[in-house]
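Read the structure below first, then the notes.
Every number in this text was worked out from the coordinates using simple rules, so none of it is lab data. Note that the coordinates shown come from a computational prediction; the quantities given were computed from them, not determined experimentally. A quick note on method: Cβ atoms are made from the backbone with ideal geometry, for glycine too, and the neighbour counts reach across all protein chains shown.
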Amino acid sequence: MSWKDTAEPVLVRMPAVRRPEGHVPFKRKLAWTAGVLVLYFFLTNVMLFGLDIGSDSAPLGRFSSILASGQGSIMQLGIGPIVTASIVLQLLGGADLLGLDTQNNPRDQILYQGLQKLLVLVMIFLTGLPMVFAGGFLPPTSVNLFGMSLSAGATSWLIFAQIAVGGVLILYMDEIISKWGVGSGIGLFIIAGVSQQLIGGLFAHPIFGSPQGELGFFPTWFQIITGNIPIGPVLQADGLQELLIGEGQIIALLTTILIFVVVVYAESVRVEIPLSNARVKGARGRFPVKLIYASVLPMILVRALQANIQFLGRILVSQTGQNGVISLFGMELPWLGVYSISQGSPANPTGGLFYYLSPIYAPQDWMWWAYSTQDALNVLLRVGVDLTFMVIGGAIFAIFWVETTDMGPEATAQQIHNSGMQIPGFRQNVGVVEKVLERYIPQVTVIGGALVGLLAVMANMLGTVGGVSGTGLLLTVSITYKLYEEIAEEQLMEMHPMMRQMFG
Amino acid sequence: MSSSDSGGLMSSAGLVRYFDAEDSNTIRMDPRSVVAFGVLFGVLILMLNALFMLGAV
């Protein structure tokens, strides 16, 4: 008896959002999408009940924008559990341990859907519990409920219950958008978070209520030009540096624009395989193997892996550490991790394994000549580790992604064959199509994955407007592009009801 | 065969994948009730904050 039979009773009963019967008009789809988005923004602004708001801590730091999580709100977990569950599923699927045929077997499709949800629930506990109880990320405050004061432990459980409900809600909000709306909910939440930061980075001003009087790009430049922000002589090194990477943020602006341009260009880079219909003469088509289509979403998995490693380090140091040094079994282990201390609790790794494994988020993290925090050798080692991790990780997860989402040569050949198409000049045979696709898909996937990894690290090193990370920017641009394509297709179908039959 | 198998060439949704297949045992929820639950939950927490956190801060 395989695991399928054992797990089936549980997996098929996982609650799901009802599917619409028949066609949902495009306007109705937009309304669902907008409604869920508003709900998401509302929930990111509801602060957790029982949280000590005074002490601020940013556990995942810059990563939280990619995870679409609102710090200290009931959306604290964001899509984190979904991403982590996806990593597990990708790894299992990539190693072919699942044994699920999601392409042809409806039974397996149902099991896959159930397994996804079950894993997300497990991950809500696995990431939520340490966040509340171990790392000191969500400190409880004293709560007086109907004249009865709760202990710190009880309040922590209350906090955990709230973020768990938030995690489950975001899963079903994604399902609503996938079934009743346009695009995918997760994609939408990511672009919502990143765009918010991007707009903040450009226009933030105390007039608009920016916290701590931060200034965005344009207000800063206004101040520089009117002389309110002193900049050294521009023709000397100090002033120039201030303009390029300091207050002026010129490099950050250029990087942001560059990423936009590169992604939009790379979206159009593809190998096209000509197809013709076996029966209908003249019905021709092309199958595009896109360069980065499959590789941007897997990037989030690589980043999540890095963030989880850092999360582990933080928990270790806050549970066992003395003076910011991780210690196990009473022994101080500076080679594992040394952390800087801010406000009495460990903040960022400054040495040891966890320092080298921490991704680079901003120019300040590595420009040793300008911000002398570390010596050059350490910084270069860290850059090397980050680059290797992202490039190799990007390629590996892209391959797994293509395999588990049925975009690999075998699955694609099957789809092409089923639609009655063939490659002109070849026999009409699944195996033949697969052979041809095998020449392109694996190579393109690996190159795409590595390229996206490289871009993400480069963007982080040069800095981006509003501190959106390179990965966030890459994700946002490519998700938006895909959303645009999907909306265009929807509108085409609205205008010509005949098209609906063609696309199904 | 329906054309839906060929319509989605090289299309993958987000991180979570949904298929057309559904089991009769699956517990089905109306999207409206999910959204309504989300709104009520948010309002509940807001009210708890307003009622009980004033003394604490």
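Which one of A:Leu235, A:Leu243 is in a helix (DSSP H, G or I), of a type in the set (A, V, I, L, M, F, W, C), more than 14 Å from every other protein chain (Cβ to nearest Cβ) and more than 29 Å from A:Lys482 (Cβ to Cβ)? Can you show your working first?
Values: A:Leu235 fails: in a helix (DSSP H, G or I).
None of the other options fit; the residue is A:Leu243.
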Practice item. May I ask you to verify whether A:Ile309 is surrounded by fewer than 20 Cβ atoms within 10 Å (Cβ to Cβ), without any contact (Cβ under 8 Å) to a residue 60 or more places away in the chain and closer than 30 Å to A:Gly128 by Cβ? Key: yes
**Study point:** Selection from region A:160-212 of residues that are more than 30 Å from A:His23 (Cα to Cα), over 20 Å from the mean Cα position of the chain (by Cα) and buried (at least 24 other Cβ atoms within 10 Å of the Cβ)
**Key:** A:Gln162
Review point. Within region A:213-255, can you find the residues that are of a type outside the set (Gly, Ala, Ser), loosely packed, with under 15 Cβ neighbours inside 10 Å and touching a Gly at 6+ places or on another chain (Cβ under 9 Å)?
Key: A:Glu214, A:Pro233, A:Asp238
Check your understanding: Here are some residues: A:Gln236, A:Gln241, A:Gln196. Which one is polar (S, T, N, Q), within 27 Å of B:Val16 (Cβ to Cβ) and out of contact with any helix residue (DSSP H, G or I) (no Cβ under 6 Å at 6 or more places or on another chain)?
Key -> A:Gln196
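Enumerate the strands (runs of 3 or more DSSP E) found wholly within region A:272-386, keeping only those where 1 or more residues are within 30 Å of A:Ala237 (Cβ to Cβ). If you could, list the steps in order and put the result at the bottom.
Details: elements: A:284-290, A:338-342, A:345-351.
Output list reads A:338-342, A:345-351.
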**Study point:** Unmet requirement for A:Thr405, which otherwise passes all of (1) touching a helix residue (DSSP H, G or I) at 6+ places or on another chain (Cβ under 8 Å); (2) under 25 Å from A:Gly181 (Cα atoms); (3) surrounded by 18 or more Cβ atoms within 10 Å (Cβ to Cβ)
**Key:** (1)
Check your understanding: Filtering region A:410-433 down to residues that are within 37 Å of the chain's Cα centre (by Cα) and in a loop (DSSP other than H, G, I, E, B), which residue is farthest from the other protein chains (Cβ to nearest Cβ)?
Key -> A:Ile423
Exercise for review: Would you check which residues across region A:1-46 are exposed (fewer than 15 other Cβ atoms within 10 Å of the Cβ), without any contact (Cβ under 8 Å) to a residue 60 or more places away in the chain, part of a helix (DSSP H, G or I) and of a type in the set (A, V, I, L, M, F, W, C) and list them?
Suggested key: A:Trp3, A:Ala31, A:Ala34, A:Val38
Check your understanding: Are any of the residues in region A:126-134 at the interface with chain B (Cβ under 9 Å from one of its Cβ atoms), within 28 Å of B:Val34 (Cβ to Cβ), in contact with a Phe, Trp or Tyr (Cβ under 6 Å, 6 or more places away or on another chain) and touching a residue at least 60 places away in the same chain (Cβ under 8 Å)?
Key -> no
